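Engineer: Shown below is the structure under consideration.
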Amino acid sequence: MVKKTLAALIALLGLAAAPALAQAAAKAPFPVTIKATNGVVTIKARPTRIVSLSPTATETLFAVGAGPQVVAVDDQSDYPANAPRTKLSGYTPNAEAIAGYNPDLVVLSNDGGLVSSLQKLGLTVLLEPAAANLPQAYDEIRQLGAATGHGEKSTGVVKSMQVQITTLIRSVPKRSRHLKVFHELEPDLYSATSSTFIGAIYKTFGFKNIADAADSSHSGYPQLSVEYIVDASPDIVVLADTKCCGQTAKTVGARPGWANVSAVKHHRVINVDDDIASRWGPRIVDFVRLVANAAKRS
């Protein structure tokens with residue numbers, strides 16, 4: 001029974017059967033072909049002038065060893081500190097401004113017509129949108145590694161993430177697998193359900209996400225009421241609005257009616273860096289570690 005449970009957990013996390021294509025890409029010389037969201041993309045030579053308009057992609061590029069090849073990142077790419085941050089916007093991008101950096105590879109997480117505009121300028125583009133789950137996040141890391149000549153390193157990054165996340169989840173006692181969780185995106189109580197990337201992390205732990213039952217529109221991001229949250233009394237409250245909005249365990253405890261919420265009473269209100277909670281790159285391990293530590297508190 002234990003072996004079956006472990007096997008299921010490994011499969012859910014994407015540990016089973018490391019993709020043969022990714023391993024092949026790790027050793028293959030250029031040109032390489034990547035099956036990205038914007039179609040099959042052929043990269044003729046190892047890129048040396050990469051522009052990233054995705055904070056997650058920026059983190060991933062540096063994690064896999066492609067940092068020295070990056071010449072410009074968008075204004076929201078604040079990690080790592082040595083990333084060449086510019087005024088380029090990932091929200092309102094300008095194709096000509098991007099082309100001004102003479103890139104041989106542009107990495108995006110949002111399209112909105114930008115892919116076509118950049119391709120018309122003769123630029124090579126990879127569209128790597130927000131991952132829906134861990135396996136998709138791993139695939140994007142491998143793709144960026146293969147695309148930049150760091151396939152072997154990216155495979156190692158993914159393997160390390162998988163092992164660490166599995167270990168952290170298994171460290172949580174079975175008695176804590178039933179805990180109820182509330183993920184706060186903003187002080188106006190918008191949350192994330194199990195259908196989202198971050199919600200899928202909680203589901204992997206076995207937690208019950210209180211936002212699921214409140215998502216009548218199936219948007220994945222319902223707005224909850226104070227009464228609903230207090231009545232549900234989540235055992236864990238994750239604050240993903242610490243940087244943007246100054247929320248802390250202290251401010252939550254001072255909210256009217258929240259003093260009797262289980263997470264407040266048992267010191268399971270977690271302050272999480274907004275960026276770590278909203279990105280799907282290598283630092284998701286840090287997020288899982290914070291949640292696991294909170295779940296183990298008595």
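Engineer: Give me the accessible area of GLU59, 1.4 Å probe, in Å² rounded to the nearest 10.
Structural biologist: 10 Å²
Engineer: What residues from the stretch 60-89 fall in the zone where the backbone N is under 19 Å from a label point 7 Å along the Cα-to-C-beta line of VAL163?
Structural biologist: Taking a point 7 Å out along Cα→Cβ of VAL163, the residues of the stretch 60-89 whose backbone N falls under 19 Å are 63-65.
Engineer: From the protein chains alone at 1.4 Å, what is the descending order of accessible area for TRP280, TRP258, largest first?
Structural biologist: Correct descending sequence by accessible area is TRP280, TRP258.
Engineer: Scanning the chain for helices, which whole DSSP H stretches are 15 Å or more long along the axis (Cα) and average 0.5 or more by Kyte-Doolittle?
Structural biologist: 2-13, 284-295
Engineer: For the stretch 208-298, what is the accessible area per residue in Å² when the probe is 1.4 Å?
Structural biologist: Result: 46 Å² of accessible area for each residue.
Engineer: When the helix-only estimate is applied to the chain (DSSP H runs of n ≥ 4, each -39,500 (n - 2.57), divided by the residue count), what is the mean residue ellipticity at 222 nm, nearest 500 deg cm²/dmol?
Structural biologist: Helix-only estimate at 222 nm: -11500 deg cm²/dmol.
Engineer: Further question: Considering only protein heavy atoms, what is the solvent-accessible area of PHE30 at a probe of 1.4 Å, reported in Å² to the nearest 10?
Structural biologist: Here the residue's solvent-accessible area equals roughly 60 Å².
Engineer: Shape call for the stretch 180-298 from the C-alpha gyration tensor, a ≥ b ≥ c root eigenvalues: rounded (a/c under 1.5), prolate (a/b greater than b/c) or oblate?
Structural biologist: Rounded, since a/c falls under 1.5.
Engineer: R0 = 35 Å: FRET efficiency of ARG170 with ASP78, Cβ-based, nearest 0.05? Write down the numbers at each step before the final one.
Structural biologist: Working: r = 32 Å, r/R0 = 0.92.
Computed FRET efficiency for ARG170 and ASP78: 0.65.
Engineer: Just read off the accessible area of SER278 with the full protein assembly in place, 1.4 Å probe, to the nearest 10 Å².
Structural biologist: Its accessible surface works out to 70 Å², give or take rounding.
Engineer: With N denoting the number of residues in the stretch 48-198, provide Rg(C-alpha) divided by 2.2 N^0.38 Å, to two decimal places.
Structural biologist: 1.18
Engineer: How would the stretch 76-128 be classified by its alpha-carbon gyration tensor: rounded, prolate or oblate, with rounded meaning a/c under 1.5 and the a/b versus b/c comparison settling the rest? Working shown, then result.
Structural biologist: Details: a/c = 1.78, a/b = 1.55, b/c = 1.15.
Note, shape of the stretch 76-128 comes out prolate.
Engineer: Next question, about the same structure. Can you send over the carbon and sulfur percentage of the accessible area for the chain, probe radius 1.4 Å, protein chains only? All intermediate terms of the calculation are to be shown ahead of the outcome.
Structural biologist: On the way: 7680 of 13960 Å².
Solvent-exposed carbon and sulfur of the chain make up 55 percent of the total.
Engineer: On to the next question. Largest first, how would VAL172, VAL163 line up by accessible area (1.4 Å probe)?
Structural biologist: Result of the area sort, largest leading: VAL163, VAL172.
Engineer: In addition: Solvent-accessible area per residue for the stretch 38-84 at a 1.4 Å probe radius, Å²?
Structural biologist: On the way: 1730 Å² over 47 residues.
Using a 1.4 Å probe on heavy atoms only, each residue of the stretch 38-84 averages 37 Å².
Engineer: If a/c stays under 1.5 just call it rounded; otherwise compare a/b with b/c (prolate if a/b is bigger, oblate if not). Do that for the stretch 66-106, with a ≥ b ≥ c from the square roots of the Cα gyration tensor eigenvalues.
Structural biologist: oblate
Engineer: Going by amide H atoms built from the backbone, whose H comes under 5 Å of the H on ILE270, apart from near neighbours?
Structural biologist: Answer set, sorted by chain and number: VAL237, VAL238, LEU239.
Engineer: Stretch ALA130-ASP231 to full length: gain in nm at 0.36 nm per residue minus the Cα-Cα span?
Structural biologist: Once the chain is fully extended between ALA130 and ASP231, it gains 33.2 nm.
Engineer: Please list ASP231, ASP275, ASP78 in order of solvent-accessible area, largest first, computed with a 1.4 Å probe with all protein chains present.
Structural biologist: Reading off the accessible areas and sorting them downward yields ASP231, ASP78, ASP275.
The values are calculated or read from the model by the stated rules, or taken from the named source; none is laboratory data. On a predicted model such as this, the values are computed, not experimentally measured, just so you know. Reconstructed Cβ throughout: ideal geometry from the backbone, glycine too, with neighbour counts over all protein chains shown. Side chains included, ligands, DNA and RNA excluded: accessible areas come from the protein's heavy atoms. Shrake-Rupley method; radii C 1.70, N 1.55, O 1.52, S 1.80 Å.
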